[in-house]
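The values are calculated or read from the model by the stated rules, or taken from the named source; none is laboratory data. Fair warning: this is a prediction, and the values are worked out from it, not measured in the lab. Neighbour counts are summed over all protein chains in view; Cβ atoms, including those assigned to glycine, are modelled from backbone coordinates with ideal geometry. The protein model used for the area step is the full one, side chains on, heavy atoms only, and it has no ligands, DNA or RNA in it. Shrake-Rupley method; radii C 1.70, N 1.55, O 1.52, S 1.80 Å.
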Amino acid sequence: MAAPAVRICRRCICSQASKTRATRPRSRIDRIVRVDHAGELGADRIYAGQMAILGRTSIGPTIQHMWDQEKEHLQKFEQIIAERRVRPTVLVPLWNIAGYVLGAGTALLGKEAAMACTVAVEEVISEHYDNQLRELLSSEGVTDENKELLDTIQKFRNEELEHLHIGEENDAEKAPMYKTLSTAIQTGCKAAIWLSERI
């Protein structure tokens, strides 16, 4: 006896394909918001650690200026993550501690090492923001869904570049073992980005 013919509903296939396409941009934006929230939390904690050690020195007001901007960044991404109902990375507690330890630890090595930390982190973050801007614009263009996010990323990217230049102007390259320190910090930042996008 022949097996019964299986009828496939074309409408169901088209509907499912449409749903898959519709979820991809949302998934992309969720990933971007999740990792950026984690990154801004880490940056906030780095500057908190630096201020704990160097807050009363001549570089204190400069660090405070950068920290104030990072507080604004974190507050904005906490707002976005709540509005869009994006699940934060489960690694938030780890980045909270790691950021503070990195900031305080480099500050203990002196002003130059703290500024080297700033340059290393901000170079990775500004490049990361640039990649996100290219990804969003090439895949979706400017839409009602992503315009605020694009504007936010662009503004914060510019401020991260400002921090990078501040670090360079304040003797970052005079830090002991500058290249080794910078490479180690940047490797850690890239690993944190990769993990936060996925976990």
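Regarding the range 45-59, can at least one residue be identified that is farther than 29 Å from Thr143 by Cβ, charged (D, E, K, R) and open to solvent by less than 70 Å² (accessible area, probe 1.4 Å)? First the steps, then the outcome.
Taking the range 45-59 first, the residues farther than 29 Å from Thr143 by Cβ are 45-59.
Going one step further and asking which of them are charged (D, E, K, R), we end up with 45, 56.
After this cut, where a residue has to be open to solvent by less than 70 Å² (accessible area, probe 1.4 Å) as well, the list is 45.
Yes, because at least one residue in the range 45-59 is farther than 29 Å from Thr143 by Cβ, charged (D, E, K, R) and open to solvent by less than 70 Å² (accessible area, probe 1.4 Å).
Regarding His128, is this residue farther than 17 Å from His37 by Cβ and either open to solvent by less than 20 Å² (accessible area, probe 1.4 Å) or out of contact with any strand residue (DSSP E or B) (no Cβ under 6 Å at 6 or more places or on another chain) (or both)?
Working: farther than 17 Å from His37 by Cβ: no; either open to solvent by less than 20 Å² (accessible area, probe 1.4 Å) or out of contact with any strand residue (DSSP E or B) (no Cβ under 6 Å at 6 or more places or on another chain) (or both): yes.
No: the conditions fail for His128.
Scanning the range 164-199 for residues that are out of contact with any His (no Cβ under 9 Å at 6 or more places or on another chain) and of a type in the set (Gly, Ala, Ser), which turns out surrounded by the fewest Cβ atoms within 10 Å (Cβ to Cβ)? Walk me through it before giving the result.
Of the residues in the range 164-199, the ones out of contact with any His (no Cβ under 9 Å at 6 or more places or on another chain) are 164-165, 167-188, 191-192, 194-195, 197-199.
With the extra rule that they be of a type in the set (Gly, Ala, Ser), the set shrinks to 167, 172, 175, 182, 184, 188, 191-192.
On the way: Gly167: 25, Ala172: 23, Ala175: 24, Ser182: 19, Ala184: 12, Gly188: 16, Ala191: 10, Ala192: 21.
Here the residue is Ala191.
Against the definition (open to solvent by 20 Å² or more (accessible area, probe 1.4 Å), at negative phi and basic (Lys, Arg)), how does Arg157 come out, yes or no?
Working: open to solvent by 20 Å² or more (accessible area, probe 1.4 Å): yes; at negative phi: yes; basic (Lys, Arg): yes.
Yes: the conditions hold for Arg157.
Checking Gly141 against (1) assigned to a helix (DSSP H, G or I); (2) over 26 Å from Val92 (Cα atoms), which test does it fail?
Gly141 satisfies all of (1) assigned to a helix (DSSP H, G or I); (2) over 26 Å from Val92 (Cα atoms) except (1).
If you go through the range 66-122 one residue at a time, how many are in contact with a helix residue (DSSP H, G or I) (Cβ under 8 Å, 6 or more places away or on another chain) and open to solvent by less than 80 Å² (accessible area, probe 1.4 Å)?
38
Here are some conditions: (1) over 21 Å from Lys76 (Cα atoms); (2) touching an Asp or Glu at 6+ places or on another chain (Cβ under 7 Å); (3) among the polar types (S, T, N, Q). Ser126 meets all but one. Which one does it not meet?
Going through the list (1) over 21 Å from Lys76 (Cα atoms); (2) touching an Asp or Glu at 6+ places or on another chain (Cβ under 7 Å); (3) among the polar types (S, T, N, Q), Ser126 breaks only (1).
For the subset of the range 83-124 comprising residues that are part of a helix (DSSP H, G or I) and among the charged types (D, E, K, R), which member is nearest to Arg56 (Cα to Cα)? Can you show your working first?
Going through the range 83-124, the residues part of a helix (DSSP H, G or I) turn out to be 83, 92-108, 111-124.
Next cut, among the charged types (D, E, K, R) only: 83, 111-112, 122-123.
Working: Glu83: 38, Lys111: 12, Glu112: 16, Glu122: 23, Glu123: 26 Å.
Across the range 83-124, the extreme among qualifying residues is Lys111.
Can you tell me which residue is nearest to Val119 (Cα to Cα) among those in the range 169-196 that are outside any loop (DSSP other than H, G, I, E, B) and among the aliphatic types (A, V, I, L, M)?
Ala172
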